[in-house]
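First up is the structure itself, then whatever we jot down about it.
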Amino acid sequence: MGQVHLRGLLTDGQRKPVGPMAARLGKDGNRQALTRSITTSP
């Protein structure tokens, strides 16, 4: 999920919170998985 999150940060769009970023990522944009990867990352 780290790679997906990084890709989301690099996409066009002014908003970088997980919700809008997940919507831009399409099928890879699993909001719950992105949130979990950020909050549980070592």
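Please tell me the relative contact order of the chain in percent, rounded to the nearest whole number, where contacts are Cα pairs under 8 Å and at least six residues apart.
Once normalised by length, the contact order is 39 percent.
Counting only Cα, what are the radius of gyration and maximum Cα-Cα distance Dmax of the chain, in Å?
Every Cα atom of the chain included, Rg and Dmax give 9.2, 27 Å.
In debye to the nearest 20, how big a dipole does the chain give about its Cα centre with +1 on each Lys and Arg Cβ and -1 on each Asp and Glu Cβ?
80
Determine the gain in length on full extension of the stretch Asn30-Thr11; use 0.36 nm per residue of separation and subtract their C-alpha separation, reporting nm with one decimal.
Taking Asn30 through Thr11 to full extension adds about 5.3 nm, to one decimal.
No value in this document is a laboratory result; all are computed from the given coordinates. These numbers were taken from a predicted model, which means no experiment stands behind them. In this analysis, Cβ positions are derived from the backbone assuming ideal geometry, glycine residues included, and neighbour counts consider all displayed protein chains.
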